[in-house]
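So the structure is just underneath, and the comments pick up after that.
What follows draws every value from the coordinates through simple rules; no lab data is involved. All values derive from a computational prediction rather than experimental measurement. No Cβ is skipped: glycine too gets one built from the backbone with ideal geometry, and neighbour counts run over all protein chains shown.
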Amino acid sequence: MFHNMPERIKMRMAHLERLDASHRKIAAVKHFDRLRQIPPATGKFLALLAAGSPVGKWLELGTSGGYSTLWLSLAAREVGKKIITFEISPAKADLARETFKAAGIEDTVGLVRGNALKYLHHYEGVAFCFMDLEKSLYKKAYEILVLNLVKGGLLVADNVISHREDCAPMLRRALSDKRVDAQVVPVGSGLLVVRKI
């Protein structure tokens, strides 16, 4: 998976890493429009988790420019899956579409433009979900997703250490929820890993 990464994916990852770095330096880029990418270590961790998930659908909430989707696509190709990813920002959705084409992963990824919360109820049998959207939406998304996870299904939420206060309602719920096993993992900006019992 990591040892035979296609050159097109490597090149697009490098492009998005440069773009993200430039956004972080420019104060004029609005907070909402700035790319919010995971670091490579988080991408590898997600790919490993996804590749070992049970039978079911794969979702990603918050595509941004498609960087995390590239990592997940490695796992999807490894095990013959497809990822459905949701992005509310039209500009980011356009960039993600460009990413998927440039990386040659259009056959592995389905991009849905719009608010993920409007669609989540329609996705039952979820085996893996990576959540990286507005933190104020985390708890609501969590409640929908846990109902739709298969037994052994995984939900991974990003930024739970770096944005601990904003994520607190979801964290309290997840860490005390008897339907799941949950643990905060200090990878990247902090990941909550939830497994449906």
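Just to verify a result, which residue in region 43-75, among those that are surrounded by fewer than 19 Cβ atoms within 10 Å (Cβ to Cβ) and of a type in the set (A, V, I, L, M), is farthest from the chain's Cα centre (by Cα)? This residue is V55. The condition of being in contact with a Cys (Cβ under 7 Å, 6 or more places away or on another chain), under 19 Å from T69 (Cα atoms) and surrounded by 14 or more Cβ atoms within 10 Å (Cβ to Cβ) holds for only one of L111, L155, that being L155. The sole residue among V146, V160, V156, V150 that is part of a strand (DSSP E or B), more than 14 Å from E60 (Cβ to Cβ) and touching a strand residue (DSSP E or B) at 6+ places or on another chain (Cβ under 8 Å) is V150. Being among the small types (G, A, S), closer than 20 Å to T42 by Cβ and in a strand (DSSP E or B) is a description that applies to A182.
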